[in-house]
Amino acid sequence: MPRVIDPDVKALLTSGASFSVALLVDIAFPDPYHLRFTTKLDNIEFNGSTYYGLGSLGSASMPSQDGELSPADYEVVLSGISNEILEAATQLNYLNHKATTYIQYMDADFVDVGTPRILWQGLTDGADINYGKTSSVKIKVKDRLVDWTRPRIEYYNNGDQVARHPEDRGFEFVSQVATKDAKWPEGAWFRANPE
């Protein structure tokens, strides 16, 4: 993720003036369910897309930077959502869709300063849906480091090779060769047969 700070944001932060921030959350579910929400009250246009405000984005957990290279989990909570969004939420496959949260700085008058920058990115990993007077959807997001902790179960055998490449028979006799004893000639044989 980029660590470059917009010059306007840098000037705002070093000026000592009061400021606030807004989060923009983009979850790339298949169309027409692509979700874009912001913690601002009004809508924000960014990268040619509209991020909807008015409180639909209940919260987004902030990443912790502890200096360790370990997987992190985040949560995005949509609350006070319409029945259309709730109905769509029940029909979505929540696994492995790109989720990005941007941070937008604002001055004391709530005017956007600079361009939003990426706060964190990851892939969706399930959701909890709560029905009731105030329905909500809690979407779980995991960063790329989670893949490091998942076991890779791959073998160099014919079954795995055919599963990946059905026409490839290159590993067909590997299991038979693995059990054979190889008898190498001694050094005297090589000296007697130089060619």
Of residues in segment 168-195 being assigned to a loop (DSSP other than H, G, I, E, B) and within 23 Å of Ile153 (Cβ to Cβ), the one modelled with the highest pLDDT: Asp168
Over segment 115-162, the set of residues under 30 Å from Ser82 (Cβ atoms) and polar (S, T, N, Q) is Thr115, Gln121, Thr124, Asn130, Thr134, Ser135, Ser136
From the list Val141, Val137, exactly one residue is assigned by TED's automatic domain parsing to the domain that holds Arg36, at negative phi and in contact with a helix residue (DSSP H, G or I) (Cβ under 6 Å, 6 or more places away or on another chain). Which is it? Val137
Scanning for something in a strand (DSSP E or B) and in contact with a Lys or Arg (Cβ under 7 Å, 6 or more places away or on another chain), does segment 138-161 turn up at least one residue? no
Name the residues in segment 33-54 that are among the β-branched types (Val, Ile, Thr), free of Cβ contacts under 8 Å to residues at least 40 places away in the same chain and surrounded by 14 or more Cβ atoms within 10 Å (Cβ to Cβ), would you? Thr39
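Okay, residues lined up against (1) among the aromatic types (Phe, Trp, Tyr); (2) farther than 20 Å from Arg36 by Cβ; (3) touching a helix residue (DSSP H, G or I) at 6+ places or on another chain (Cβ under 7 Å); (4) surrounded by 11 or more Cβ atoms within 10 Å (Cβ to Cβ):
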site: Ala88; (1), (2), (3), (4): no, no, no, yes
site: Val111; (1), (2), (3), (4): no, yes, no, no
site: Thr115; (1), (2), (3), (4): no, no, no, yes
site: Trp120; (1), (2), (3), (4): yes, no, no, yes
site: Ile129; (1), (2), (3), (4): no, no, yes, yes
site: Trp148; (1), (2), (3), (4): yes, yes, no, no
site: Glu154; (1), (2), (3), (4): no, yes, yes, no
site: Pro166; (1), (2), (3), (4): no, yes, no, no
site: Gly170; (1), (2), (3), (4): no, yes, yes, no
Would you please name the residue that is surrounded by the most Cβ atoms within 10 Å (Cβ to Cβ), looking only at residues in segment 1-32 that are among the small types (Gly, Ala, Ser) and touching a Lys or Arg at 6+ places or on another chain (Cβ under 9 Å)? Ala22
Can you tell me which of Thr115, Thr179, Thr101 is outside the structural domain of Leu13 (by TED's automatic domain parsing) and of a type in the set (Ser, Thr, Tyr)? Thr179
Quick one: would you say Tyr94 is of a type in the set (Phe, Trp, Tyr), under 28 Å from Val21 (Cβ atoms) and in contact with a Phe, Trp or Tyr (Cβ under 9 Å, 6 or more places away or on another chain)? yes
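The rows are residues; the columns are (1) within 19 Å of Thr124 (Cβ to Cβ); (2) at pLDDT 80 or above; (3) polar (S, T, N, Q).
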{"site": "Val4", "(1), (2), (3)": "no, no, no"}
{"site": "Ala11", "(1), (2), (3)": "no, yes, no"}
{"site": "Ser15", "(1), (2), (3)": "no, yes, yes"}
{"site": "Asp26", "(1), (2), (3)": "yes, yes, no"}
{"site": "Tyr33", "(1), (2), (3)": "yes, no, no"}
{"site": "Asp42", "(1), (2), (3)": "no, yes, no"}
{"site": "Glu45", "(1), (2), (3)": "no, yes, no"}
{"site": "Gly48", "(1), (2), (3)": "no, yes, no"}
{"site": "Leu57", "(1), (2), (3)": "yes, no, no"}
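The values are calculated or read from the model by the stated rules, or taken from the named source; none is laboratory data. All values reported here derive from a predicted model rather than from experimental measurement. Glycine also receives a Cβ, built like all others from the backbone with ideal geometry; neighbour counts cover every protein chain displayed.
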